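A.B. asks: Starting off with a structure, shown below.
The values are calculated or read from the model by the stated rules, or taken from the named source; none is laboratory data. What you see is a predicted model; the values in this text were computed from it and never measured. Using ideal geometry, Cβ is built from the backbone for each residue, glycine included, and neighbour counts are taken over all protein chains shown. Accessible surface is based on the protein model in full, side chains and every heavy atom, while ligands, DNA and RNA are left aside. Shrake-Rupley method; radii C 1.70, N 1.55, O 1.52, S 1.80 Å.
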Amino acid sequence: DVKVTQSSRYLVKRTGEKVFLECVQDMDHENMFWYRQDPGLGLRLIYFSYDVKMKEKGDIPEGYSVSREKKERFSLILESASTNQTSMYLCASSLFGTGYFFGPGTRLTVL
Amino acid sequence: AQKITQTQPGMFVQEKEAVTLDCTYDTSDQSYGLFWYKQPSSGEMIFLIYQGSYDEQNATEGRYSLNFQKARKSANLVISASQLGDSAMYFCAMSRYNSGGSNYKLTFGKGTLLTVNP
C-alpha cells in the first residue's frame with residue numbers, strides 16, 4: 001500500500017528556531033513536493049525535487065530550504081522560523097505526474 | 001503559467017442529492033492532468049479522480065465523475081447521491097507532463113467547502 005509519512009502531526013516552535021520537517025515515501029517515486037496550506041489560499045508549492053540532490057523552487061520558496069540526500073526522504077527546513085510561517089505543511093510524492101500521494105500533514109505553530 | 005479557479009467558496013447540498021463543484025483552468029500546455037482531492041477536517045488529502053487531457057471519455061470513480069470540457073477548459077466534479085461523510089473541502093488541481101522531470105508539479109485551486117445537510 002502506498003505510503004507517505006511526515007515526522008510530526010503537530011509542532012510548536014519559537015521564533016528564530018531552526019525547524020526541520022521530514023517526509024518519507026515508500027513508493028520509489030522520483031518526484032517529491034512540499035506544499036503549504038493556509039485558509040482561503042489553497043495549497044501553495046514551496047519546493048519540489050525530481051531526483052536525489054535535485055531541487056527547484058516553487059511559488060513561495062522565501063524563508064525555506066530543502067534537502068534530498070536519499071530518494072525516499074525529502075526535508076523542508078525553516079532556517080529561522082517566523083510567526084508568518086505558522087501553517088499546515090503537506091508533503092507529496094509522485095512518479096510520472098498521474099498520481100500524487102500526500103502525507104498526513106504537519107500543523108506548525110511558531111510562537 | 002498554469003492557473004486553477006474554483007469560484008464556489010462554499011456549497012450546500014441535501015443528503016442523497018447530486019452536487020456539482022466547478023473548476024476551470026488555464027494552461028497553454030497540450031498535455032496535462034486534472035485531479036480532484038477531498039480534504040476532511042482531519043487534514044489528509046484524499047485522491048478522488050483523475051482525467052488526462054487526451055482522455056476522450058469523462059473519468060468516473062464510484063459516486064464521483066469528472067465532467068471534462070476541454071474547449072471550455074473546465075473540469076467539474078459531480079458527486080452523486082451525497083452522503084453526510086462527503087462534507088469536506090474539495091480541491092481541483094492540475095499537473096504538467098513536460099519531459100525532463102522538472103515539471104510535474106501540481107497546481108491547486110483555492111477549494112470549495114461542501115456541506116451535506118441531513
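A.B. asks: Among the strands (runs of 3 or more DSSP E) contained in region A:1-87, which hold 1 or more residues that are of a type in the set (A, V, I, L, M), more than 30 Å from residue B:8 (Cβ to Cβ) and open to solvent by 70 Å² or more (accessible area, probe 1.4 Å)? Write out each step before concluding.
C.D. replies: Numbers: elements: A:4-6, A:10-13, A:19-25, A:31-38, A:42-51, A:54-57, A:64-70, A:73-78.
Strands (runs of 3 or more DSSP E) meeting the threshold: A:10-13, A:54-57.
A.B. asks: Another question, if that's okay. Out of all the residues in region A:96-109, is one or more modelled with pLDDT under 95 and more than 9 Å from every other protein chain (Cβ to nearest Cβ)?
C.D. replies: Taking every residue of region A:96-109 in turn, none turns out to be modelled with pLDDT under 95 and more than 9 Å from every other protein chain (Cβ to nearest Cβ).
A.B. asks: If you take the residues of region B:97-117 that are at pLDDT 95 or above and over 12 Å from the mean Cα position of the chain (by Cα), which of them is most open to solvent (accessible area, probe 1.4 Å)?
C.D. replies: If we take residues in region B:97-117 being at pLDDT 95 or above and over 12 Å from the mean Cα position of the chain (by Cα), then B:113 is most open to solvent (accessible area, probe 1.4 Å).
A.B. asks: Also: Considering region B:7-22 alone, what residues qualify as being open to solvent by 70 Å² or more (accessible area, probe 1.4 Å) and in a strand (DSSP E or B)?
C.D. replies: Result: B:12, B:14.
A.B. asks: Another question about this same structure. Output yes when any residue across region B:83-96 is in a strand (DSSP E or B), surrounded by fewer than 16 Cβ atoms within 10 Å (Cβ to Cβ) and more than 14 Å from chain A (Cβ to nearest Cβ), and no when none is.
C.D. replies: no
A.B. asks: When you go through (1) farther than 16 Å from residue B:93 by Cα; (2) in contact (Cβ under 8 Å) with a residue 40 or more places away in the chain; (3) of a type outside the set (A, V, I, L, M) one by one for residue A:51, which number turns out not to apply?
C.D. replies: Result: residue A:51 fails condition (2) only.
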